[in-house]
Amino acid sequence: MNLLFNGRNRVTSGYRLPERPDHNGLDIVGDDSKDILSPVEGVVRSSTIVTNKSDATWEWGNYIRIDDKNGNRYYFCHMASRAVKAGDGVKIGDKLGVMGNTGYSFGAHTHFEMRKPDGKTRLNPAEFLGIPNKRGTYMNQKNGWGQKGSDWYYYENGQAARGKWVKDKGFWYYLGTDGKMMTGLQKIGGKLYYLNERTRGGLPKGAMLQTDGNGVIQL
Ligand SMILES: [Zn+2]
């Protein structure tokens, strides 16, 4: 699933719940990243702020509207800043802006709202995102290993670890600056390490087996 923020997405107010039936969107706080990422592919129809308070849209502060290919509308409100402009095409995962507290808002968050092409009929954004429509913290991506093609990545708080060691089930692994798990003989931090090239004898692929004579760790 693709949520609005990398890592933890904390829903502070749900969509039309009994305690707040006129709340037509989800309020979401990014706890690990303030960057709002598009959960949908489409075209930016609005990227603006309304300051005239006779227009109720002022409550949204800096907001962006994206329309998908079916004309459904997606609104992202209260941004601190906007990273796309009207007419831009966006893909899933593109940065739309930074979470903020503009408009009628009390504390930095994003009000995420969805409407049908008629511009009036509301849709349940929790259903679209694939998360429960209630308060809680939902991860953008599971922690641990994930594979793309033949490459392995290690996710922490929904983000691929890059340029660092990680320890998993007793073994150390190294993720390159591109996030890919490294294998074979590698010089890391000025020292040589051997990272298992294929799973065998109970040793997983990528696991650090030993260092050379200059290494700190020896089997
Ligand atoms: Zn809201």
Seminar exercise, completed: Only unsatisfied item for ARG8, checking (1) within 16 Å of the ligand (Cβ to nearest atom); (2) within 21 Å of ALA108 (Cβ to Cβ), is (1)
Exercise. Looking at the range 11-31, which of the residues that are away from the ligand (no atom under 12 Å from the Cβ) and acidic (Asp, Glu) is surrounded by the fewest Cβ atoms within 10 Å (Cβ to Cβ)?
Worked result: GLU19
Exercise. Among the numbered criteria (1) in a loop (DSSP other than H, G, I, E, B); (2) more than 17 Å from the chain's Cα centre (by Cα); (3) not aromatic (Phe, Trp, Tyr), which single criterion is violated by ILE131?
Worked result: (2)
For this session: Go over the candidates LYS69, LYS95, LYS91, LYS34 one by one and state the one that is under 17 Å from LEU123 (Cα atoms), away from the ligand (no atom under 16 Å from the Cβ) and of a type in the set (Lys, Arg).
Result: LYS69
Problem set entry | Contacts under 8 angstrom Cβ, first residue in the range 81-95 being among the aliphatic types (A, V, I, L, M), partner in a loop (DSSP other than H, G, I, E, B) and surrounded by fewer than 16 Cβ atoms within 10 Å (Cβ to Cβ), 6 or more apart | VAL90/GLU41; ILE92/ASN2; ILE92/GLU41
Seminar exercise, completed: Note on the range 102-120: residues more than 12 Å from the ligand (Cβ to nearest atom), assigned to a loop (DSSP other than H, G, I, E, B), of a type outside the set (Lys, Arg) and under 18 Å from THR57 (Cβ atoms) are THR102, ASP118, GLY119
Exercise. Would you call TYR138 among the hydroxyl-bearing types (Ser, Thr, Tyr), surrounded by 12 or more Cβ atoms within 10 Å (Cβ to Cβ), modelled with pLDDT of 95 or more and not in a loop (DSSP other than H, G, I, E, B)?
Worked result: no
Exercise. How many residues does the range 109-129 contain that are under 21 Å from GLY30 (Cβ atoms) and of a type outside the set (Phe, Trp, Tyr)?
Worked result: 10
Exercise. Within the bounds of the range 152-165, is there any residue that is modelled with pLDDT of 85 or more, closer than 30 Å to ARG16 by Cβ, part of a loop (DSSP other than H, G, I, E, B) and in contact with a strand residue (DSSP E or B) (Cβ under 8 Å, 6 or more places away or on another chain)?
Worked result: no
Exercise. Looking only at residues in the range 37-60 that are at pLDDT 95 or above and closer than 24 Å to ILE92 by Cβ, which one is farthest from the ligand (Cβ to nearest atom)?
Worked result: VAL43
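The values are calculated or read from the model by the stated rules, or taken from the named source; none is laboratory data. Being a predicted model, the structure only gives us computed values, none of them experimental. Because the Cβ atoms are built from the backbone with ideal geometry, glycine has one as well, and the counts that use them run over all protein chains shown.
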